[in-house]
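A short reminder: the numbers here are calculations on the coordinates, not readings from a lab. As the structure is a prediction and not an experimental result, all values here were calculated from the model. Quick reminder, even Gly has a Cβ in these numbers, built from the backbone with ideal geometry, and neighbours come from all protein chains shown.
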Amino acid sequence: MSTLLEVSGVSVSFDGFKAINNLSFRIGPAEMRAIIGPNGAGKTTFMDIITGKTKPDEGRVVWGEKSVSLLKMNEAQIARAGVGRKFQRPTVFEDQSVFDNLLMALKNERSPWQVLTFKPKFKDLGKVEELASEIGLSDELHRKSGELSHGQKQWLEIGMLLAQEPRLLLVDEPAAGMTLAEREHTTDILVEAAKTRAVVVVEHDMEFVRRLNCKVTVLHEGSVLAEGSLDHVTQNQDVIDVYLGR
Ligand code: ADP
């Protein structure tokens, strides 16, 4: 199986405390992966290492067919190489329409006024419509983003990330604060996205993880405690002990 991202033997300490301890991880180019683990397990720090926000003290992080090291790149270069990250809080431009938010993302513009002075091409309009359909917001294209529900804002932000055509999408707790119907729709969006790119979802909600129907990596004390199907890892005695705090 081919590999998009390979992390080997990575460790990071903060003031002598090992937040990530000899962690290894690999993901293929069209694979969905859920990362679970108790608070403080190192999930956020691990995402920070992949995106270049935190540089490990040791280990390797290798990317793509040419096996380039992400450790030599800064955050902007890693993003340009194809790593997109969605944080928990949506950061859409509330005063702009869904359409303009997607258009801005497509053009990689950083401020709403830039989109006003920019003349979209016909193919851009088609691409915006395609993205809106992927995230289920085709009927909301001309609504102000500030009027969207919490779930819709999250989908819009996923759409804005997809507009940049990442090869790896990192998503932090996408289902937090969502209704059941919204969670189901979020699953559909991510599953569809993972058909053509790698998607890593950090999530606490086990029902949500179950619906993703993917391999699960359990982190604990900065290392991989277990890996496999959700049923496999939840039957693992070490995982049970960690979750029950034994
Ligand atoms: P998770 O996302 O799984 O809750 P984190 O990656 O946020 O875990 O944190 C892992 C451990 O590293 C925690 O014990 C946390 O307190 C510690 N940690 C994370 N970032 C820093 C930092 N910048 N300085 C000191 N300690 C940190």
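Treating only the Cβ atoms of Lys and Arg (+1) and Asp and Glu (-1) as charged, compute the dipole magnitude of the chain about its Cα centre; round to the nearest 20 debye.
Charge dipole of the chain: 780 debye, to the nearest 20.
Explain nothing, just the number: dipole magnitude of segment 150-246 about its Cα centre with +1 on each Lys and Arg Cβ and -1 on each Asp and Glu Cβ, in debye rounded to the nearest 20.
Computed about the Cα centre, the dipole is about 240 debye.
Report the full-extension gain for the segment K72 to R143: residue separation times 0.36 nm, less the Cα-Cα distance, to one decimal in nm. Spell out each step's value before the answer.
Values: separation 71, 0.36 × 71 = 25.56 nm, distance 4.17 nm.
Additional length available on full extension: 21.4 nm.
Give me the three principal axis extents of the chain from the C-alpha atoms, as integers in angstrom, largest value leading.
The principal-axis extents, from largest down, are 55, 40, 37 Å.
Report the one residue of M73, M1, F46 whose Cα lies farthest in the direction of the positive end of the charge dipole of segment 1-116 (charges on C-beta: Lys and Arg +1, Asp and Glu -1; origin at the Cα centre).
Of M73, M1, F46, it is M1.
Quick check: convex hull of the Cα atoms in segment 1-43, volume per residue, rounded to a whole Å³? Don't skip to the end; give the middle numbers.
Details: hull volume 3.1 nm³, N = 43.
Dividing the Cα hull volume of segment 1-43 by its residue count gives 72 Å³.
Grab the Cα-Cα distance for H232 and D188, subtract it from 0.36 nm times how many residues apart they are, and report the gain in nm with one decimal.
Working: separation 44, 0.36 × 44 = 15.84 nm, distance 2.31 nm.
Once the chain is fully extended between H232 and D188, it gains 13.5 nm.
If eta is 1.567 mPa s and T is 4 °C, what Stokes-Einstein diffusion coefficient results for segment 1-112, Kirkwood Rh from Cα pairs, in µm²/s?
So the translational diffusion coefficient is about 82 µm²/s.
Which residue fluctuates the most in the chain, going by a Gaussian network model with Cα springs under 10 Å, if the choices are V61, V216, V233?
So, out of V61, V216, V233, the one fluctuating most is V233.
Using the beta-carbon distance between E94 and E129 and R0 = 25 Å, what value does 1/(1 + (r/R0)^6) give for FRET efficiency, to the nearest 0.05?
Details: r = 22 Å, r/R0 = 0.86.
Efficiency at R0 = 25 Å is approximately 0.70.
Strictly over 29 Å apart at the Cα level, which of K123/K144; K127/K215; K66/K123; K55/K144; K72/K123 would you flag in this model?
On the way: K123/K144 23 Å; K127/K215 31 Å; K66/K123 31 Å; K55/K144 38 Å; K72/K123 35 Å.
Too far apart for the 29 Å limit: K127/K215; K66/K123; K55/K144; K72/K123.
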